[in-house]
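The values are calculated or read from the model by the stated rules, or taken from the named source; none is laboratory data. Note that the coordinates shown come from a computational prediction; the quantities given were computed from them, not determined experimentally. Cβ coordinates were reconstructed from backbone atoms using ideal geometry, including for glycine residues, and neighbour counts include every protein chain displayed.
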């Protein structure tokens, strides 16, 4: 392997970081501290040529290859033992064309990078709910966030992608170039190549009215019942997800309530500001709001509001489903297990995926669950390794309780943990067979297997 590493250092422009280099431990670290892996080298790629070189090195030497955008992968797909890591973080540029409302985004950019570049133009690309999330991983899995109901999933605004394939070629995928690859990239995860840049259609998003509404835990059933019905009929400019939250010490939280468990609705109204009070009124009326920070704010401020609760270096274990609806039995299970939320960073988030997201056909993109209404995710996040067993048990027990009420076997791949590999076919849904054929065409030897893997149809 030493000859391979030496050849890489002579070929690439980015830094090749090995165990003998200062900063190796920092370079190999990913968002989820549960994964303490030691690759042969982390290559901080500066351009597509660097990516091509690392792919060739991994292919020719037969070692595992991991691809890292933002590094947020809960299963730790951005790192690997005894292999090579493509670190795209230096490739984080964002170029905005305000006339066409289009952005070209580097494969290593985060949502925060995109928001920073687009907000001055009153524009945004649909993303998630945490600004440190990598654009690449979020997009390739589908992309669920504040703007989903109004403009669709992140993939629904993807216009094209530059992709370095397993054989070393770079191609462009779009509606009129490599169309089958473009279809597969939109929901098929990192199975088909390394996306070095994305082209997104932008949408008019400037200052929004949004933030969290905190309710007493005892009101959770009523809040969930209201949320279930209202989010189905609310104007699509309203993004809103339900969650549990142990109150942190923030200025808008009464001092005597810090540390208490609340249920919350996190809102994002991207419509006329004067209509926000009317739109949010049903959510305020369902129960007494104990604290709130709903205000006019820049969209990037809302998207980064929860960053401090989920810093890099915490331990993460998540479980997820898609849900066709929210039954009374599901609500009861959520309340039972939500009451056991173990710490301030852990939660369950219930994201809506209706509205514009459901107006795209189930076979138009690889994201195969357009008929589902919600994407629940049970998020275990904690700092102390001594709590691993207790917190993973909370996540698993919660998932076991709600899964029978989901009406779906699959879940959102971006919310999966490493032990969910067996769910891959269900997670990709009705499009799995077509994805296997695309995998055979673009990565027949399964070089890109450190992911929620799709086996090539040829069985390699």
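Do we find a residue being at pLDDT below 95 and in contact with a helix residue (DSSP H, G or I) (Cβ under 8 Å, 6 or more places away or on another chain) anywhere in region 116-127?
Checked region 116-127: at least one residue is at pLDDT below 95 and in contact with a helix residue (DSSP H, G or I) (Cβ under 8 Å, 6 or more places away or on another chain).
Kindly evaluate residue 438 against the criterion of being at pLDDT below 95, touching a helix residue (DSSP H, G or I) at 6+ places or on another chain (Cβ under 6 Å) and closer than 30 Å to residue 352 by Cβ.
Here the answer is no, as residue 438 does not meet what is asked.
In region 278-300, what residues are in a helix (DSSP H, G or I) and either crowded, with 17+ Cβ neighbours inside 10 Å or in contact with a strand residue (DSSP E or B) (Cβ under 6 Å, 6 or more places away or on another chain) (or both)?
Of everything in region 278-300, those that are in a helix (DSSP H, G or I) and either crowded, with 17+ Cβ neighbours inside 10 Å or in contact with a strand residue (DSSP E or B) (Cβ under 6 Å, 6 or more places away or on another chain) (or both) turn out to be 279, 280, 283, 299, 300.
Counting only residues that are within 15 Å of residue 142 (Cβ to Cβ) and under 16 Å from the mean Cα position of the chain (by Cα), how many does region 350-365 have?
Residues flagged as within 15 Å of residue 142 (Cβ to Cβ) and under 16 Å from the mean Cα position of the chain (by Cα) within region 350-365 amount to 4.
All but one of (1) closer than 19 Å to residue 190 by Cα; (2) assigned by TED's automatic domain parsing to the domain that holds residue 164 hold for residue 63, so report the exception by its number.
Going through the list (1) closer than 19 Å to residue 190 by Cα; (2) assigned by TED's automatic domain parsing to the domain that holds residue 164, residue 63 breaks only (2).
Within region 408-434, track down each residue that is more than 17 Å from the chain's Cα centre (by Cα), in contact (Cβ under 8 Å) with a residue 60 or more places away in the chain and crowded, with 16+ Cβ neighbours inside 10 Å.
Selection gives 408, 429, 431, 432, 434.
From (1) on the phi > 0 side of the Ramachandran plot; (2) outside the structural domain of residue 62 (by TED's automatic domain parsing); (3) surrounded by fewer than 19 Cβ atoms within 10 Å (Cβ to Cβ), pick out the condition that doesn't hold for residue 82.
(2)
For (1) within 28 Å of residue 49 (Cβ to Cβ); (2) part of a strand (DSSP E or B); (3) outside the structural domain of residue 60 (by TED's automatic domain parsing), each residue gets a yes or a no:
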position: 168; (1), (2), (3): yes, no, yes
position: 172; (1), (2), (3): yes, yes, yes
position: 184; (1), (2), (3): yes, no, yes
position: 198; (1), (2), (3): yes, yes, yes
position: 211; (1), (2), (3): no, yes, yes
position: 221; (1), (2), (3): no, no, yes
position: 227; (1), (2), (3): no, no, yes
position: 232; (1), (2), (3): no, no, yes
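Farther than 30 Å from residue 237 by Cβ, in the same structural domain as residue 248 (by TED's automatic domain parsing) and surrounded by fewer than 22 Cβ atoms within 10 Å (Cβ to Cβ), is that true of residue 389?
Yes, satisfied.
Given the criterion surrounded by fewer than 21 Cβ atoms within 10 Å (Cβ to Cβ), in contact (Cβ under 8 Å) with a residue 40 or more places away in the chain, in contact with a strand residue (DSSP E or B) (Cβ under 7 Å, 6 or more places away or on another chain) and outside any helix (DSSP H, G or I), identify the matching residue among 340, 315.
Answer to the selection: 315.
Regarding region 252-261, can at least one residue be identified that is crowded, with 20+ Cβ neighbours inside 10 Å, touching a strand residue (DSSP E or B) at 6+ places or on another chain (Cβ under 7 Å) and in contact (Cβ under 8 Å) with a residue 60 or more places away in the chain?
Among the residues of region 252-261, not one is crowded, with 20+ Cβ neighbours inside 10 Å, touching a strand residue (DSSP E or B) at 6+ places or on another chain (Cβ under 7 Å) and in contact (Cβ under 8 Å) with a residue 60 or more places away in the chain, which makes the answer no.
Got a sec? Which of 122, 83, 168, 108 is touching a strand residue (DSSP E or B) at 6+ places or on another chain (Cβ under 7 Å) and within 27 Å of residue 18 (Cβ to Cβ)?
83
Can you find a residue that is in contact with a strand residue (DSSP E or B) (Cβ under 9 Å, 6 or more places away or on another chain), within 14 Å of residue 166 (Cβ to Cβ) and not assigned by TED's automatic domain parsing to the domain that holds residue 379 anywhere in region 40-52?
Looking through region 40-52, at least one residue is in contact with a strand residue (DSSP E or B) (Cβ under 9 Å, 6 or more places away or on another chain), within 14 Å of residue 166 (Cβ to Cβ) and not assigned by TED's automatic domain parsing to the domain that holds residue 379.
What number of residues within region 346-398 satisfy the criterion of being in contact with a helix residue (DSSP H, G or I) (Cβ under 9 Å, 6 or more places away or on another chain), within 26 Å of residue 31 (Cβ to Cβ) and part of a helix (DSSP H, G or I)?
Residues meeting the conditions: 4.
List the helices (runs of 4 or more DSSP H) that sit entirely inside region 1-120 and contain at least 2 residues that are farther than 30 Å from residue 304 by Cβ.
The helices (runs of 4 or more DSSP H) meeting that bar are 2-11, 48-61.
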